[in-house]
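Below is one structure, written out as structure tokens; the observations come after it.
The values are calculated or read from the model by the stated rules, or taken from the named source; none is laboratory data. Since the structure is predicted, the reported quantities are computational estimates derived from the model, not experimental observations. As a convention, Cβ positions derive from the backbone with ideal geometry for all residues, glycine included, and neighbour counts pool all protein chains shown.
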Amino acid sequence: MSFHQEFFTLNNGEKIPGVAILGTGTAWYKSEETAENFSNTLVDQLKFAFTLPGIVHIDAAECYRTHGELGKALKDSKKPRDEIFITDKYSCQHEISENPVKALDAALNKIGAEYVDLFLIHTPWISREEPGFTLEEVWKQMEQLYKEGKTKSIGVSNFRTEDIERILKVAEVKPQVNQIEFNAFLQNQTPGIVKYCQKNDIQLEAYSPLAPLQREPRNSPELPFYQLISYLAQKYEKTEAQILLRWVNARHIVPVSTSSNPQRIKDAQNVFSFELTVQEVEKITQLGLEHKPLRLYMKSAYDKYNSDSQKA
């Protein structure tokens, strides 16, 4: 079977691969970056990803402190730069860089690239008091980077509808992406965010899309949701992870996956070798909504929205 890949078109006309196959945070995250904790294992995983067919989508961020590993893998890879889609993020609350301009300049220097494909504001918690400038001012710097060609697209991450509204009031360039936590048991990170972004032509990305498998309960064989995922995996001869990634994509959202297992990385890149029916997508959505909210990140800030998180 020949390799097949799908894309979404962003509101600026740029195309984004329909799945990100290797996030460089999570297991690879470091609280500080030193020569001693440089991860050759991550370099190897990235180099493996760069051997896969199609455009390979890598998800990075300033606060992961893994730009060095990404740079080493890029340098050693024979894959053309235009077949690698790199997402990076400015992590304001970690106070690593003074501002987005300096953050991206530092990232490009470490990565050894002239541009990234997508640059995001990692979180919305920005104010005059901390770190000393407003969200609107940060967005203007993001627009500057976009106009200079240092990033092909710009966007946000973990933003609520009200956070995006603030940006839209001053924006010359509309955000192209909002990356949020999203899975079958968390179908809105914050109230109404999925419908809002889709209505306003802001592409959604989903981190932790496989949380229901990562936190699978002991009695899962008795639960209709897990029974369905198991059945579909057998029907399509795919893994349960591939079923959930394909479901996220069928919801018109880009799943951001990661793994230290090369086969799982390959499986994620090959997720478009089958297609769920409309009825199967709807059934996964419905059964997922019947579960309690499953939020892995931003809990202190966003647990207050749990009552609204399981609304399609």
| request: Output the number of the condition that Arg128 fails; it satisfies all remaining conditions of (1) more than 21 Å from Ala301 (Cα to Cα); (2) of a type outside the set (S, T, N, Q); (3) without any contact (Cβ under 8 Å) to a residue 24 or more places away in the chain. | output: (1)
| query | Of all residues in the stretch 5-21 being closer than 29 Å to Gln214 by Cβ and touching an Asp or Glu at 6+ places or on another chain (Cβ under 7 Å), which is surrounded by the most Cβ atoms within 10 Å (Cβ to Cβ)? | reply | Ala20
| message | Given (1) under 20 Å from Leu42 (Cβ atoms); (2) within 20 Å of the chain's Cα centre (by Cα), identify the lone condition not met by Ile96. | response | (2)
| said: Just checking, does the stretch 234-244 include any residue being surrounded by fewer than 19 Cβ atoms within 10 Å (Cβ to Cβ), more than 26 Å from Pro53 (Cβ to Cβ), of a type in the set (Ser, Thr, Tyr) and at pLDDT 95 or above? | reply: no
| said: Here is a list: Gly68, Gly54. Which entry is more than 28 Å from Gln198 (Cβ to Cβ), surrounded by 15 or more Cβ atoms within 10 Å (Cβ to Cβ) and more than 18 Å from the chain's Cα centre (by Cα)? | reply: Gly68
| request: Give the residue that is farthest from Gln179 (Cα to Cα), with candidates limited to residues of the stretch 208-222 that are buried (at least 16 other Cβ atoms within 10 Å of the Cβ) and touching a residue at least 60 places away in the same chain (Cβ under 8 Å). | output: Pro212
| note | Note: among Ser2, Ser39, just one is farther than 17 Å from Val256 by Cβ, modelled with pLDDT under 95 and surrounded by fewer than 17 Cβ atoms within 10 Å (Cβ to Cβ), namely Ser2
| said: It is to be established whether one or more residues within the stretch 168-176 are on the phi < 0 side of the Ramachandran plot, among the aliphatic types (A, V, I, L, M) and assigned to a helix (DSSP H, G or I). | reply: yes
| Boolean, Lys199 is among the basic types (Lys, Arg), in contact (Cβ under 8 Å) with a residue 12 or more places away in the chain and more than 27 Å from Pro80 (Cα to Cα) | no
| request: Being within 18 Å of Gly71 (Cβ to Cβ) and of a type in the set (A, V, I, L, M) is the filter here, so list the residues in the stretch 89-127 that pass it. | output: Ile96, Ala103, Leu104, Ala106, Ala107, Leu108, Ile111, Ala113, Val116, Leu118
| Which numbered condition Arg81 fails, given (1) surrounded by 24 or more Cβ atoms within 10 Å (Cβ to Cβ); (2) over 18 Å from Thr123 (Cβ atoms) | (1)
| remark: Among the residues of the stretch 182-196, the number that are crowded, with 24+ Cβ neighbours inside 10 Å and of a type outside the set (Phe, Trp, Tyr) is 5
| message | Which condition from (1) of a type outside the set (Gly, Ala, Ser); (2) modelled with pLDDT of 95 or more; (3) over 28 Å from Asn306 (Cβ atoms); (4) touching a strand residue (DSSP E or B) at 6+ places or on another chain (Cβ under 8 Å) is the one that Arg81 breaks? | response | (4)
